[in-house]
Amino acid sequence: MALILLRADSRKKLLNALADIERHANLKMKGNPRLVDNKMADEIVSSILGGEVKRKSSVAVAVNVEEDDTTSILRIKEIHPPAHVIIVSKEYPENRLLRELIREAPIFRGYYSHKREV
């Protein structure tokens, strides 16, 4: 299971990026996307990338997918979502931090998976 962090400058771009992840990258989301404080998301990305982010985000979400880290990375590289998408693999200490943050985080309202089983 992979943990994905998405950052964008608008809610609409995040909604489109989530749809792209499911429809075009064929990744299956587990649970609902969770809101993450955008400043915290920027810090996590800066820490992983080892430098400051070029653009600050206005909104950020995190979501788990069933596929593993490597599969998720390879599939997302093939699409061009309208948001900054980062796979936060288990090798990074930020993975644990992000998992703790989203445990109690509010659900990102507005996205409804077309693939989710009823």
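The values are calculated or read from the model by the stated rules, or taken from the named source; none is laboratory data. Model, not experiment: these values are computed from the prediction. Counting neighbours? That spans all protein chains shown, and the Cβs are built from the backbone with ideal geometry, glycine included. The accessibility values were calculated without ligands, DNA or RNA, using every heavy atom of the protein model including side chains. Shrake-Rupley method; radii C 1.70, N 1.55, O 1.52, S 1.80 Å.
Taking Cα atoms only, the orientation of helix 11-23 departs from the longest principal axis of the chain by about 60 degrees. Qualifying trypsin sites (Lys or Arg not before Pro) in the range 1-89, where qualification requires a DSSP coil assignment and no more than 10 other C-beta atoms within 10 Å, comprise Lys54, Arg55. Only the Cβ atoms of Lys and Arg (+1) and of Asp and Glu (-1) were treated as charged; on that basis the dipole of the range 2-104 about its Cα centre amounts to roughly 340 debye.
Over the range 2-104, with every protein chain in place, what whole percent of the accessible area is carbon and sulfur at 1.4 Å, could you tell me? The partial results should precede the final answer.
Working: 2710 of 5680 Å².
So the carbon and sulfur contribution to the accessible surface is 48 percent.
Looking at the chain, the accessible area is 59 square angstrom per residue; that uses a 1.4 Å probe and ignores ligands, DNA and RNA.
Once C-alpha pairs closer than 8 Å and six or more residues apart are averaged by separation and normalised to the residue number of the chain, the relative contact order reads 43 percent. A helix-only calculation puts the chain at -11500 deg cm²/dmol for mean residue ellipticity at 222 nm, using -39500 (n - 2.57) for each DSSP H run of at least four residues, averaged over all residues. The residues neighbouring Ala83, those whose beta-carbon lies less than 12 Å from its own, together hold a net charge of +3 under the Lys/Arg +1, Asp/Glu -1 convention. The calculated pair-distance distribution of the chain uses every alpha carbon pair, bins of 10 angstrom beginning at 0, and gives 14, 51, 33, 2, 0 percent. Relative to the longest principal axis of the Cα atoms of the chain, the long axis of helix 38-49 lies at roughly 80 degrees.
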